[in-house]
Each structure stands twice: as structure tokens, then as C-alpha cells.
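Heads up: the structure comes next, in C-alpha cells.
The values are calculated or read from the model by the stated rules, or taken from the named source; none is laboratory data. Keep in mind that this is a model prediction, so the values were computed, not measured. Reconstructed Cβ throughout: ideal geometry from the backbone, glycine too, with neighbour counts over all protein chains shown. The area values use the complete protein model at the heavy-atom level, side chains included, leaving out ligands, DNA and RNA. Shrake-Rupley method; radii C 1.70, N 1.55, O 1.52, S 1.80 Å.
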Amino acid sequence: MTKRQIIKLFEERKVRTVWDDQEEKWYFCVVDVVEALTDSVNPTDYIKKMKKRDPELAKGWGQIVTPLSLQTPGGKQRVNCASQEGIFRIIQSIPSPKAEPFKQWMAQVASLR
């Protein structure tokens, strides 16, 4: 299984993505997506609060996210990522005017190989 990490830009924000050759789909770094949509200084904390506000999201979190090895400032680490479908579910829990433009951007990215 070959995975290739690529950094994409959404409104000048870096979103780490991974292409999975075997599944033939993109995975998006959840923390990067939340940061891009919320402008949060602590997106990890935002995710924790979001899961508390949305118990259904918290219950299905293990099926939505997949830990993948990504480059971080501290070196390669396993980071929660989600496919396009998973990111759509996460976006439902984020009240942001950037949600719709992000969905369109993500669909464009997902159509590229």
C-alpha cells in the first residue's frame, strides 16, 4: 500500500493530505481542516469540545478517523485523518461560513489523482 503526503492550500491555510493508492482516495488531516474552518489557535481543543457537543460524532469517531503517518514539526507522527466522507461528517459539527467553500475545495481536490 503506497501513501503519498501532499500539502494542499485552502484559503492560504495548509491542509495535509494523503493519497492512498490502494483505496484510490484522499485522506485529509482532521486538525488542519478544523483549524482552516475555525481559525482556532488550538484546533485539538476545539475537536474535543466539538465531540462533547455532538455525542453522535464522538460515538462514531473511531469509524470516521484513521491515524496515518504524517510529517509534523516534531518529525513523522500518526495523525488523525479522514476520507472525504468522514470530513463531511466532521464539517456538519462546525458552524463556520467557510464550510461550504471548503466542501467545494475538497471535492475539487478529491477529483484529482
Does Thr66 satisfy being surrounded by fewer than 16 Cβ atoms within 10 Å (Cβ to Cβ), at negative phi and without any contact (Cβ under 8 Å) to a residue 60 or more places away in the chain? no
Would you check if there is a residue in the range 91-99 being among the charged types (D, E, K, R) and in contact (Cβ under 8 Å) with a residue 40 or more places away in the chain? yes
Might you let me know whether the range 81-90 holds any residue that is free of Cβ contacts under 8 Å to residues at least 12 places away in the same chain and among the small types (Gly, Ala, Ser)? no
Residue check: is Ser83 touching a strand residue (DSSP E or B) at 6+ places or on another chain (Cβ under 8 Å) and either over 16 Å from Phe10 (Cα atoms) or open to solvent by less than 50 Å² (accessible area, probe 1.4 Å) (or both)? yes
When you check Thr38 against the structure, is it among the polar types (S, T, N, Q), in contact (Cβ under 8 Å) with a residue 40 or more places away in the chain and open to solvent by less than 20 Å² (accessible area, probe 1.4 Å), yes or no? no
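Taking into account only those residues within the range 86-112 that are of a type in the set (Lys, Arg) and part of a helix (DSSP H, G or I), which is surrounded by the most Cβ atoms within 10 Å (Cβ to Cβ)?
Restricting attention to the range 86-112, the residues satisfying the condition of being of a type in the set (Lys, Arg) are 89, 98, 103.
Then keep just the ones that are part of a helix (DSSP H, G or I); that gives 89, 103.
Working: Arg89: 17, Lys103: 14.
Within the range 86-112, the match that is surrounded by the most Cβ atoms within 10 Å (Cβ to Cβ) is Arg89.
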Given the conditions (1) touching a helix residue (DSSP H, G or I) at 6+ places or on another chain (Cβ under 8 Å); (2) open to solvent by 60 Å² or more (accessible area, probe 1.4 Å); (3) in contact (Cβ under 8 Å) with a residue 40 or more places away in the chain; (4) not basic (Lys, Arg), report the number of the one that Gln71 does not fulfil. (1)
